[in-house]
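One structure is given below, encoded as structure tokens.
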Amino acid sequence: MNYGFFDEKNREYVITNPNTPAPWANYLGSPEYGAIISHNAGGYSFVKSGANGRILRYVFNQEDKPGRYIYLRDDETSDYWSASWQPVGKSLETYKSECHHGTAYTNIKADYSGIHSEALYYVPLNKTYEVWRLKVTNTSDRPRNLSVFGYAEFTNENNYENDQVNLQYTLFITRTYFKGNKILQTINENCHKGCNGSNRKERFLGLVGSEVASYNGDKASFLGRYRSYGNPIAVEKGACDNVLNYNSNGCGALQTKITLAPGETKEMAFVLGQYNDEESAAILSSYENLSKVDQELEELKAYWHGKLSNLYVQTPSSEFNNMINTWNAYQCFITFIWSRAASFIYCGLRNGYGYRDTVQDIQGIIHLDPEMAKEKIIFMLSAQVDNGGGLPLVKFDHNAGHEDTPDDPSYAQATGHPAYRADDALWLFPTILKYIGESGDKDFINEVIPYANKDEGTVYDHLKRAINFSMERLGAHHMPAGLHADWNDCLRLGKKGESSFVALQLYYAMSVLRDFASDLNDTDYIAYLDEVQKVLGDTIQENCWEDDRFIRGFKEDGEVIGSKKDPEASMWLNPQSWSVISGLATKEQAEKALESVYRELNTKYGARVMAPSYKDHAFDGALALLFNGSTKENGGIFSQPQGWIILAEALMGHGNRAFEYFMESSPAAQNDNADVRILEPYVHGQFTESVESPFEGRSHVHWLTGTASTVMVGCVEGILGLRPDLDGIKLEPAIPSDWKTFTMDKVFRGKKLHITVNNPSGAEGGYKACYLNGDKLDSNYIFAAALKDENEIILEM
Ligand code: GLC
């Protein structure tokens, strides 16, 4: 069953049945002022931090509430409903709802009893407040007298945990005021200059475009005794009782009354934010002319659609087009900007960027906005310790050159991360290669950037030190030690245990750095890399290849993890995909390893991260055991690695397989299976439950996941075969053999490429000929120097 559809042209997902299996969310604003909203208007807002800057309350582990509620009431019949289906929840026989989630805006349309309403929610570009614009149209044939109520539930404290539990304190620090067209809430209002670390804060909910008829600043007065958001007493009675809170839970509730002739439309806007009386008055008066809302909406669309339009594909698969052109791409920007800050699952407590998470997230947007990526790459390089390792957690207030490191007890205390992880800095290699390839900014390699704790060095030096970090921490088999963990947070191989995944990453990193070294003519270093890479490659081959698979690593005592003979966890996904991505596997090994993945790990919802799940035979460091079988790292279909298996299959020219993995795990491909998948059909989640679960196919942890970037890379570099490098771009699609033709419009280094791929003979990889502006090329490689401003490229497969 489905609950909505993709509107490809408008880059929206439209939810036509609001009774979805979970709240389906969208992101508004940025972490400077962030707002998460479901299609039923549930959600919350915050300033700078979901955990410490929370201004709207939202209760986790409960149905989707409260939210940004707008109630409508027919003042003749006393019947009332809400502009979003919930919270009033009228029967869907008579109430029609259409939620349009777009790029940084959500527009919820409703039709009930001859009244059409549209509630548009957004945060204006570069602003730190939010707007809810309501348009109401009388579609009946008689004049109507209506009341509209806007409701926002302020937190009592900016720290969301204190707001929930610290009632002996937080109930007594807020009060509200009515100021003509707004409710103003104050927190610690006497603390102008700070008392004991607390500062005065003010928030407001205001109304423009219509007169306030009544108000409430007190939640209990608005809702009434033993009532809830679905039947507030104020709405039922048709008036708020003008009570303000003092030592009780506050809220912002404003009523206005409107009369509509048949066919007439009226509009108004509620505006919400954390500003004082004067500032909020200025903001509100700037909306006196409500056409500003339409302008701001256009600005938002132009901003986002502009970024997304740097790659536009038209393939025979609408699932693929919708994901690559809009939704996966937009999710990549959200993970890039928001990291793991806030969702309906993440509360915002993590006070920084995970090193690997962010360096991976960057990869998802490089093909669309290399400049934006560059800034973050520099930031992440400045969070690399002078020993070459990454800071496991990079604080939001990171102070490059002056930070403590995992070698200092104070770092563990501040971040909760006690030690280095084996993989963090190795993610820099593919990310920087992609950035330089996409932008052509070869000089970047010479840019000087500080280290996290002390010293500075060129990007080249940073990368060399990242290699050193691994080389100085080798285990008994001369492979990188597992340290606190590798990509898999649940795998504690230990200081002397060894990870084959990291070994493959290191092998790959050496190849990337070798390219940079040859560009710089650094012959000594090339000789060094050749030597150590050979040794590393040999040791991986000798110690990790077992017949038809690569093992996962070694424990400190030398025991093999992921051996074919193991009763549990005998097959692991990442070492197989990365054996191909790293370039280490021979063709024969690659074919065998990928076939083993398909045979032992693949399910109808994608490939499991390992199998069989741990149950009775886990080793001490296998934290996956904490989870139920077929869940998360314990044999679940971890979503991030789907991108790597797509990429690996594509690199081998297996277009059919690559696309099969795409379809199994792609949200869009599950649009009609929403009751099984549960999550939004337009966003990736962190994992999907696999075969042992009674809920096989159910996905979890929406939006903020590294999956966005890995699947994007798998599709763009893998399936579409767009592979930029230092001097140009290679075109090597690996597609389903029934794709006869497809096109890609890409902006590459400021030039426009219109690429047509023709596949009359039904190939799934390889190419026959490639033409640039009518000229036949020697290969499928296009030198950047040969490009004009606009280019016609034809690739014959
Ligand atoms: C989560 C973490 C990520 C980790 C992955 C696998 O997604 O955010 O850092 O690599 O789990 O354990």
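Read-outs throughout are calculated quantities, based only on the coordinates presented, and are distinct from any laboratory measurement. Model, not experiment: these values are computed from the prediction. As a convention, Cβ positions derive from the backbone with ideal geometry for all residues, glycine included, and neighbour counts pool all protein chains shown.
Overview of results
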{"quantity": "Radius ratio Rg over Rh of region 656-713, counting only Cα atoms, Kirkwood formula for Rh", "calculated": "0.95"}
{"quantity": "Dipole moment magnitude, nearest 20 debye, region 426-563 about Cα centre, only Lys, Arg, Asp, Glu C-beta charged", "calculated": "380 debye"}
{"quantity": "Rounded tilt (10° steps) of 328-338 against the dominant C-alpha axis of the chain", "calculated": "80 degrees"}
{"quantity": "Fewest-first ranking of SER91, SER511, using other Cβ atoms within 10 Å as the exposure measure", "calculated": "SER91, SER511"}
{"quantity": "Distant-in-sequence amide H partners of VAL59 (H built 1.01 Å from N, under 5 Å)", "calculated": "LYS65"}
{"quantity": "Nearest 10 degrees, 0 to 90: helix 500-519 Cα axis against the chain principal axis", "calculated": "80 degrees"}
{"quantity": "Long-range HN-HN contacts of SER30 with modeled amide H, under 5 Å", "calculated": "ALA35"}
{"quantity": "Debye, to nearest 20: dipole size of the chain, +1 on Lys, Arg Cβ, -1 on Asp, Glu Cβ", "calculated": "1880 debye"}
{"quantity": "For region 379-421 versus region 1-41, the gap between their alpha-carbon centres in whole angstrom", "calculated": "36 Å"}
{"quantity": "Filter on LYS48/LYS454; LYS301/LYS751; LYS135/LYS307; LYS9/LYS746; LYS442/LYS464 - keep pairs with C-alpha separation over 25 Å", "calculated": "LYS48/LYS454; LYS135/LYS307"}
{"quantity": "Selection from TYR346, VAL560, GLY150, by position along the positive dipole direction of the chain (Cβ)", "calculated": "GLY150"}
{"quantity": "Antiparallel content of DSSP bridges confined to region 731-797, in %, to 5", "calculated": "65 percent"}
{"quantity": "The chain: calculated mean residue ellipticity at 222 nm from DSSP helix runs of at least 4, using -39500 (n - 2.57)", "calculated": "-8000 deg cm²/dmol"}
{"quantity": "In degrees, nearest ten, helix 459-471 long axis to first principal axis of the chain (Cα)", "calculated": "70 degrees"}
{"quantity": "Fraction of beta bridges assigned by DSSP in the chain that are antiparallel (%, nearest 5)", "calculated": "95 percent"}
{"quantity": "Where GluC sites (Glu not before Pro) fall in DSSP loop in region 515-562, at most 16 other Cβ within 10 Å", "calculated": "GLU546, GLU559"}
{"quantity": "In region 83-171, the GluC sites (Glu not before Pro) that fall in loop regions by DSSP, at most 15 other Cβ within 10 Å", "calculated": "GLU93"}
{"quantity": "For the chain, with +1 on Lys and Arg beta carbons and -1 on Asp and Glu, the positive-most of ASN249, THR586, ALA669 along the dipole", "calculated": "ASN249"}
{"quantity": "Approximate shape of region 523-584 as ellipsoid semi-axes (Cα gyration tensor, √5λ), whole Å, largest first", "calculated": "27, 13, 8"}
{"quantity": "Cα centroid of region 430-450 to Cα centroid of region 59-136, whole Å", "calculated": "46 Å"}
{"quantity": "Among 589-601, 475-487, the order from most to least packed when residues are scored by Cβ within 10 Å on average", "calculated": "475-487, 589-601"}
{"quantity": "Spatial extent of region 444-507: Rg and Dmax, with the Cα atoms as the point set, Å", "calculated": "13.6, 37"}
{"quantity": "Relative contact order (percent, whole number), the chain, Cα cutoff 8 Å, 6+ residue spacing", "calculated": "9 percent"}
{"quantity": "Three semi-axes of the equivalent ellipsoid, the chain, Cα gyration tensor, whole Å, largest first", "calculated": "48, 30, 25"}
{"quantity": "Phi-based couplings in Hz for region 214-225 (Karplus 6.51, -1.76, 1.60; Gly and Pro marked x)", "calculated": "7, 8, 9, x, 10, 4, 5, 5, 5, 6, x, 6"}
{"quantity": "Whichever lysines have a C-alpha closer than 25 Å to that of LYS632, once near sequence neighbours (fewer than 8 apart) are set aside", "calculated": "LYS495, LYS555, LYS564, LYS565, LYS604, LYS615"}
{"quantity": "Farthest positive-ward along the chain dipole, Cα basis, beta-carbon charges - from LEU626, LEU311, ASN521", "calculated": "LEU626"}
{"quantity": "Segments 188-200, 256-268, 689-701 sorted - mean Cβ within 10 Å per residue, highest first", "calculated": "689-701, 256-268, 188-200"}
{"quantity": "Distance from region 518-573 to region 728-784 (C-alpha centre basis), Å", "calculated": "34 Å"}
{"quantity": "Unpartnered cysteines - no second Cys beta carbon under 4.7 Å - across the chain", "calculated": "CYS99, CYS240, CYS251, CYS332, CYS347, CYS490, CYS544, CYS715, CYS770"}
{"quantity": "In Hz, Karplus ³J(HN,Hα) per residue of region 416-432 (6.51, -1.76, 1.60; θ = phi - 60°; x = Gly, Pro)", "calculated": "x, 9, x, 7, 5, 9, 6, 9, 3, 6, 6, 5, 4, 5, x, 5, 5"}
{"quantity": "Most to least packed among 636-646, 238-248, 577-587, 440-450 [average Cβ atoms within 10 Å]", "calculated": "636-646, 577-587, 238-248, 440-450"}
